[in-house]
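The values are calculated or read from the model by the stated rules, or taken from the named source; none is laboratory data. Keep in mind that this is a model prediction, so the values were computed, not measured. Positions of Cβ are generated from backbone atoms using ideal geometry, with glycine treated the same way; all protein chains shown enter the neighbour counts.
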Amino acid sequence: MKLPDGYADLPAGKLANVVTCLEMQERPAPRAEPSGFAAELERLKGADAERYRALFHYVGDAYLWFSRLALPDGRLREILDDARVEAYALVVDGRDEGLLELDFRAGNECEITFFGVGDGLVGTGAGRWLMNRALELAWAHPIGRLWVHTCTLDHPAAVAFYVRSGFTPFKRQIEICDDPRLLGLVPRDAAPGVPLL
C-alpha cells in the first residue's frame, strides 16, 4: 500500500506516532552492568493484576502506555496466567521500579511486549540490567527470533538503547489511537510534552 507524502489531519482526541520494530535472531553477548546495582525480578501472575496495573502506570504513564489498562480485569488476569506470557516486576530496595513482559504465544519467537524502568532509574544502568535479564529469560526458550517495538511517544533514547542491546530495526509503522488521557486510562497531566487536543 502506497501512502501519500505530506501531512494528514487527525481528528481531535486522536494520537499518531511512528512505531519502530526491532529484532534479533540470536542471543547477543550481555552488556556490562553497573557495579553495585542490586535488584531482583519477581514474576507477576493473574493474582497480581492490581500490582501489575500500578506498575504499568508507574513506568508507562509518561509515555502514554494504555493497552493493558484498557483490558477488563478478567482478561488481564488470563494473560498474566498464560504459561506463554512471563511478566516481571523489577524490584529495587523493596520497591517496584520496572516492568518486563515477554510474550511467547506466537510460536518460535518472543516479543518483549513491555519494557521499562521508572523515571528515577533512567540513565543509571538499570535498563541495561533489566535487558540482560530479558535476554537470558527469552533465549532460555527454544526461539528463533526476539523482537520489540517502540514508538515516538517512548523515551527518546529507546531505539538507540535497543540497538546497543543487539536489536536491528526491521519495520516502521504508523499507529493512530484514541488519546488515553481523554479516555481516563492515564492521568490528564501525563506526557505534558504531548498536548491534549
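Quick check on Arg172: is it under 21 Å from Val19 (Cα atoms), assigned to a loop (DSSP other than H, G, I, E, B), basic (Lys, Arg) and touching a residue at least 60 places away in the same chain (Cβ under 8 Å)?
No.
Can you pull out every residue in the range 57-73 that is over 17 Å from Ala16 (Cα atoms) and part of a loop (DSSP other than H, G, I, E, B)?
Of everything in the range 57-73, those that are over 17 Å from Ala16 (Cα atoms) and part of a loop (DSSP other than H, G, I, E, B) turn out to be Arg68, Leu69, Ala70, Leu71, Pro72.
Of everything in the range 110-148, what is of a type in the set (Asp, Glu) and out of contact with any Lys or Arg (no Cβ under 9 Å at 6 or more places or on another chain)? Give them in sequence order.
Asp119
When Pro34 is evaluated against the numbered criteria (1) in a loop (DSSP other than H, G, I, E, B); (2) over 20 Å from Gly120 (Cβ atoms), which criterion, by number, is the only one it fails?
(2)
Would you check which residues across the range 82-109 are touching a Lys or Arg at 6+ places or on another chain (Cβ under 8 Å) and either of a type in the set (Phe, Trp, Tyr) or farther than 17 Å from Leu41 by Cα (or both) and list them?
Result: Asp82, Arg84, Tyr88, Phe104, Arg105, Asn108, Glu109.
For residues that are surrounded by fewer than 16 Cβ atoms within 10 Å (Cβ to Cβ) and out of contact with any helix residue (DSSP H, G or I) (no Cβ under 9 Å at 6 or more places or on another chain), scanning just the range 178-188, find the one that is nearest to Ala54 (Cα to Cα).
Among residues in the range 178-188 that are surrounded by fewer than 16 Cβ atoms within 10 Å (Cβ to Cβ) and out of contact with any helix residue (DSSP H, G or I) (no Cβ under 9 Å at 6 or more places or on another chain), the one nearest to Ala54 (Cα to Cα) is Gly184.
Could you identify the single residue in Ala138, Ala106 that is under 16 Å from the mean Cα position of the chain (by Cα) and more than 18 Å from Glu33 (Cα to Cα)?
Going through Ala138, Ala106 in turn, just one is under 16 Å from the mean Cα position of the chain (by Cα) and more than 18 Å from Glu33 (Cα to Cα): Ala138.
Which pairs have Cβ atoms under 8 Å, sit 6 or more apart or on different chains, and link a residue in the range 123-136 that is among the charged types (D, E, K, R) to one that is modelled with pLDDT of 95 or more?
Matching pairs, first to second residue: Arg128/Ser165; Arg133/Leu41; Arg133/Tyr88; Arg133/Leu100.
Quick one: Pro156 ticks every box in (1) touching a residue at least 12 places away in the same chain (Cβ under 8 Å); (2) not in a strand (DSSP E or B) except a single one, so which number is it?
(1)
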